[in-house]
1. What are the residues in region 6-40 that are charged (D, E, K, R) and within 22 Å of Arg67 (Cβ to Cβ), if any?
2. Taking only region 40-71 into account, find how many residues are over 14 Å from Glu11 (Cα atoms) and out of contact with any helix residue (DSSP H, G or I) (no Cβ under 6 Å at 6 or more places or on another chain).
3. Answer yes or no: is there a residue in region 37-58 that is within 13 Å of the chain's Cα centre (by Cα) and basic (Lys, Arg).
4. Looking only at region 41-57, how many residues end up being surrounded by 12 or more Cβ atoms within 10 Å (Cβ to Cβ) and either closer than 19 Å to Lys69 by Cα or out of contact with any strand residue (DSSP E or B) (no Cβ under 7 Å at 6 or more places or on another chain) (or both)?
5. Just checking, does region 19-36 include any residue being without any contact (Cβ under 8 Å) to a residue 24 or more places away in the chain, assigned to a strand (DSSP E or B) and either surrounded by 13 or more Cβ atoms within 10 Å (Cβ to Cβ) or not charged (D, E, K, R) (or both)?
6. Which ones in region 29-66 are touching a Lys or Arg at 6+ places or on another chain (Cβ under 8 Å) and closer than 16 Å to Tyr7 by Cα?
Amino acid sequence: MSDHHTYKKLEVVGSSPNSIEEAIENALAECAKTVNNMNWFEVVETRGHIENGKVAHYQVTIKVGFRIKYS
């Protein structure tokens, strides 16, 4: 067996009414339900929803890197 690793990236959007960090954590928690071997994430985009001149909701697009295991 070789010492090489192969990775794949999955793009997801997390959301939260509280913070950017919580939006990231929510996205990772959902991914962890179905994706194994997650190794890293990178923030691609941050945006939010405004109501009455205040932040109502945060949305963060992230790419999650995970290692592909071969049988």
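1. Taking region 6-40 first, the residues charged (D, E, K, R) are 8-9, 11, 21-22, 25, 30, 33.
Across region 6-40, the qualifying residues are Lys8, Lys9, Glu11, Glu25, Glu30, Lys33.
2. Of region 40-71, the ones over 14 Å from Glu11 (Cα atoms) are 47-58, 67-71.
The next check asks that each one be out of contact with any helix residue (DSSP H, G or I) (no Cβ under 6 Å at 6 or more places or on another chain); those that pass are 47-57, 67-71.
Here the count works out to 16.
3. Step one: list which residues in region 37-58 are within 13 Å of the chain's Cα centre (by Cα), which gives 38-46.
Subset that is basic (Lys, Arg): none.
Scanning region 37-58, I find no residue that is within 13 Å of the chain's Cα centre (by Cα) and basic (Lys, Arg), so the answer is no.
4. 1
5. Going through region 19-36, the residues without any contact (Cβ under 8 Å) to a residue 24 or more places away in the chain turn out to be 21, 25-26, 29-30, 32-34.
Within this subset, residues satisfying the condition of being assigned to a strand (DSSP E or B) are none.
No: zero hits.
6. Selection gives Asn36, Asn37, Asn39, Phe41, Glu42, Lys63, Val64, Gly65, Phe66.
Just so you know, all these numbers are worked out from the coordinates, no wet-lab data involved. In this text, all values refer to a predicted model and were calculated from it rather than measured experimentally. Reconstructed Cβ throughout: ideal geometry from the backbone, glycine too, with neighbour counts over all protein chains shown.
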